[in-house]
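Asks: This is the structure I have questions about; it appears just below.
The values are calculated or read from the model by the stated rules, or taken from the named source; none is laboratory data. Please read these numbers as outputs of a predicted model, since none were measured by experiment. So basically every Cβ, Gly included, is an ideal-geometry build from the backbone, and we count neighbours across all protein chains shown. When the accessible area is computed, the model is the full protein with side chains, heavy atoms only, and any ligands, DNA or RNA have been set aside. Shrake-Rupley method; radii C 1.70, N 1.55, O 1.52, S 1.80 Å.
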Amino acid sequence: MDSTKVEVAYSHGGFSLDSTVAGAVSRGFDVFRHGWQTQVGDGFPLPTFSQATTGDFRVRSRVAKLRDVAITDLDSASVIRTAGTPYGYADQARMYVVRRGVWSLGGGPDRAEHTVSAGQFLLRHGPPLHFGAAPNTTVQILTLPSAVFDARLRNRSVTESADSAEMRLLLAHTNMVHATVTDLGPAGVHAAHSAMLELAKAVVIGRFDDAEPALRPAFVEAAKVLADSHLADPELSAAMLAGELNVSVRTLQRAFTVAGESVTSYIRHRRLEEARRALATRSQLPSVAELAAHWQFSDSSHFIRAFKKRYGRTPIEYARSVRTGGS
């Protein structure tokens with residue numbers, strides 16, 4: 001293998017672990033450490049963990065590496081606590097995004113203690129800190145090159161709300177990285193890495209270059225997640241999604257077009273899918289008028305036409321076929 005292929009091979013990797021299942025607890029930490037050492041590497045050395053943590057490591061986790069970026073998701077059913085931090089780190093920054101529970105950090109040169117609650121993130125530049133969390137804590141840790149951020153952040157910790165459009169885009173992108181990292185080629189690694197750095201900067205400075213093509217997949221993924229949570233909302237539209245994500249409508253529509261669909265068609269198809277699911281699973285069938293109104297179709301006739309075009313049958317024909325076992 002030539003040097004270029006070696007560099008590509010070691011520029012990215014990932015693994016996942018669920019040591020909360022029966023029989024996995026006893027070797028959970030060893031499996032996690034092996035995955036980290038083989039897939040993430042020496043550029044991101046693990047801290048020393050407490051004996052209580054290594055002996056009872058009940059965690060659902062997934063880890064991905066993109067060059068000089070590491071993404072670690074932890075959903076812990078047991079206590080997580082470090083007993084020492086490693087030396088020899090490159091100049092790095094860490095972003096801790098807490099979705100559930102409380103994440104605590106301390107032991108830095110300034111001896112300051114930091115507590116990050118659900119719905120917040122902490123950005124820390126400088127040497128890693130001791131950290132700990134009680135059971136039922138969910139956190140994402142991004143390890144990033146410190147050069148991404150303003151020099152004013154040097155050796156500082158900043159805590160902010162994680163409820164921003166920029167953070168939603170960043171989390172959508174990290175989800176895509178987790179799902180694809182082991183299959184990415186050199187061009188994909190480059191694009192995913194560039195987008196990660198741009199989005200991380202955007203979280204801190206509160207804005208981003210919405211013309212950046214590398215961010216389009218993140219726009220689409222974040223918009224879909226947001227749309228899925230508002231399907232029954234009469235205000236759901238491309239304009240509403242763009243406003244929530246802090247991008248222009250044109251930018252969002254262009255991103256969807258590149259992905260092979262439009263914002264409007266995605267919303268319509270998802271609403272039809274939810275209506276189809278209701279027809280297939282509810283013991284008491286909703287009426288066509290009820291479905292049309294709930295899923296924001298202008299009237300029953302419009303809903304019936306759209307449903308038949310999508311599934312080849314009217315809603316009533318589809319419901320009957322499901323209940324009689326027809327194909």
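Asks: Can you pull out every residue in the range 257-276 that is in a helix (DSSP H, G or I) and modelled with pLDDT under 90?
Replies: Hits for the range 257-276 are T257, V258, A259.
Asks: Restricting attention to the range 239-264, report how many residues are open to solvent by less than 50 Å² (accessible area, probe 1.4 Å) and either among the β-branched types (V, I, T) or under 21 Å from Y318 (Cα atoms) (or both).
Replies: 3
Asks: Here is a list: R33, R27. Which entry is modelled with pLDDT of 90 or more and of a type in the set (K, R)? Reasoning before the result, please.
Replies: On the way: R27 fails: modelled with pLDDT of 90 or more.
On inspection, the qualifying residue turns out to be R33.
Asks: Does T72 count as at pLDDT 90 or above, over 19 Å from the mean Cα position of the chain (by Cα) and not small (G, A, S)? Spell out the reasoning first.
Replies: Details: at pLDDT 90 or above: yes; over 19 Å from the mean Cα position of the chain (by Cα): no; not small (G, A, S): yes.
So T72 does not fit the description; no.
Asks: Sticking with this structure for a sec: Take R67 and decide whether it is on the phi > 0 side of the Ramachandran plot and surrounded by 15 or more Cβ atoms within 10 Å (Cβ to Cβ).
Replies: Numbers: on the phi > 0 side of the Ramachandran plot: yes; surrounded by 15 or more Cβ atoms within 10 Å (Cβ to Cβ): yes.
It is true that R67 is on the phi > 0 side of the Ramachandran plot and surrounded by 15 or more Cβ atoms within 10 Å (Cβ to Cβ).
Asks: F44 fails exactly one of the following numbered conditions: (1) crowded, with 17+ Cβ neighbours inside 10 Å; (2) at pLDDT 90 or above. What is the number of that condition?
Replies: (2)
Asks: Still on this model: Name every residue in the range 277-290 that is open to solvent by 50 Å² or more (accessible area, probe 1.4 Å) and part of a helix (DSSP H, G or I), in order of residue number.
Replies: R277, T281, A289, E290 - these are the residues of the range 277-290 that are open to solvent by 50 Å² or more (accessible area, probe 1.4 Å) and part of a helix (DSSP H, G or I).
Asks: Would you confirm whether or not the range 178-188 contains a residue that is at pLDDT below 90 and under 27 Å from G101 (Cβ atoms)?
Replies: No, the range 178-188 has no match at all.
Asks: Looking at the range 80-88, is at least one residue assigned to a loop (DSSP other than H, G, I, E, B), modelled with pLDDT of 90 or more and open to solvent by 30 Å² or more (accessible area, probe 1.4 Å)? First the steps, then the outcome.
Replies: Let us first name the residues in the range 80-88 that are assigned to a loop (DSSP other than H, G, I, E, B), namely 85-88.
If we keep only those that are modelled with pLDDT of 90 or more as well, we get none.
No, that holds for no residue.
Asks: Within the range 217-238, which residues are open to solvent by 60 Å² or more (accessible area, probe 1.4 Å), outside any helix (DSSP H, G or I) and in contact (Cβ under 8 Å) with a residue 24 or more places away in the chain?
Replies: The one that is open to solvent by 60 Å² or more (accessible area, probe 1.4 Å), outside any helix (DSSP H, G or I) and in contact (Cβ under 8 Å) with a residue 24 or more places away in the chain: P234.
Asks: Before we move on, is A292 free of Cβ contacts under 8 Å to residues at least 60 places away in the same chain and within 30 Å of the chain's Cα centre (by Cα)? Can you show your working first?
Replies: Working: free of Cβ contacts under 8 Å to residues at least 60 places away in the same chain: yes; within 30 Å of the chain's Cα centre (by Cα): no.
In short, no.
Asks: Suppose the filter is closer than 15 Å to V59 by Cα and open to solvent by less than 50 Å² (accessible area, probe 1.4 Å); does S19 pass it?
Replies: Values: closer than 15 Å to V59 by Cα: yes; open to solvent by less than 50 Å² (accessible area, probe 1.4 Å): yes.
So S19 passes the test.
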